[in-house]
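Report on the following structure.
Throughout, read-outs are computed from the coordinates displayed, never taken from laboratory work. Owing to the predicted nature of the structure, the values given are computational and were not obtained by experimental measurement. Cβ atoms come from the backbone with ideal geometry, glycine included; neighbour counts cover every protein chain shown.
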Amino acid sequence: MNDISIRRRLGAGAIIVLLTASTSACYELQAGAGEAAVLWRREPIAQVIADPHTPARLRAELREVTAIRDYASRDLGLPDNGSYRSYVALHRRYVVWNVFAAPRFSLRPKRWCYPFVGCMAYRGYFAKRRALAYGRRLRA
């Protein structure tokens, strides 16, 4: 094997690694940005209920969430932490669109592994079009 052949193989390998890493990095970037956007826009439920501009129906639903949350902590012994204490107006139907996949004729899900969170049997997208596009790529 000559030097040119070795360089070409190394170059091709490097390109494959970079493309794979950039695809993963793009996914992780959108996931992090989407999560951050939701977290930055959240407001305490009590504050949303107190706001005179909050529609009556939303105010009633948030009061119900608060009552259920208090019941869970008080009567069921669930942790009284920050869960279900904030609200975000998303202006869309879903927070995320999850993509699940399995090999044909299998019930064993495909798994994706990420830094910090570990491995999961789905990929979550904050934009429906991205989730649908990724699903189409998996089917191809």
What is the set of long-range amide H partners of Tyr125 at a cut-off below 5 Å, with H atoms built 1.01 Å from backbone N? Trp97, Asn98, Val99
The exposure ranking of Val117, Val99, Val65, fewest beta-carbon neighbours within 10 Å first, is Val117, Val65, Val99
Sorted by Cβ neighbour density within 10 Å, fewest at the top, the residues Trp112, Trp97: Trp112, Trp97
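If you place +1 on the Cβ of every Lys and Arg, -1 on the Cβ of every Asp and Glu, and leave all else neutral, what size is the dipole of segment 43-87 about its Cα centre, to the nearest 20 Debye? It would help to have the intermediate numbers written out before the result.
On the way: 6 positive and 7 negative charges, 14 e Å.
Around 60 debye, computed over segment 43-87.
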Under Karplus coefficients 6.51, -1.76 and 1.60, residue-wise ³J(HN,Hα) of segment 27-43 in Hz, glycine/proline x: 4, 5, 5, 5, 5, x, 5, x, 4, 4, 4, 5, 5, 5, 8, 5, 10
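So between Cys26 and Ser86, what do we pick up on full extension, going 0.36 nm a residue minus the alpha carbon distance? Write out the running numbers ahead of the final one.
Working: separation 60, 0.36 × 60 = 21.60 nm, distance 2.84 nm.
Extra length available between Cys26 and Ser86 comes to 18.8 nm.
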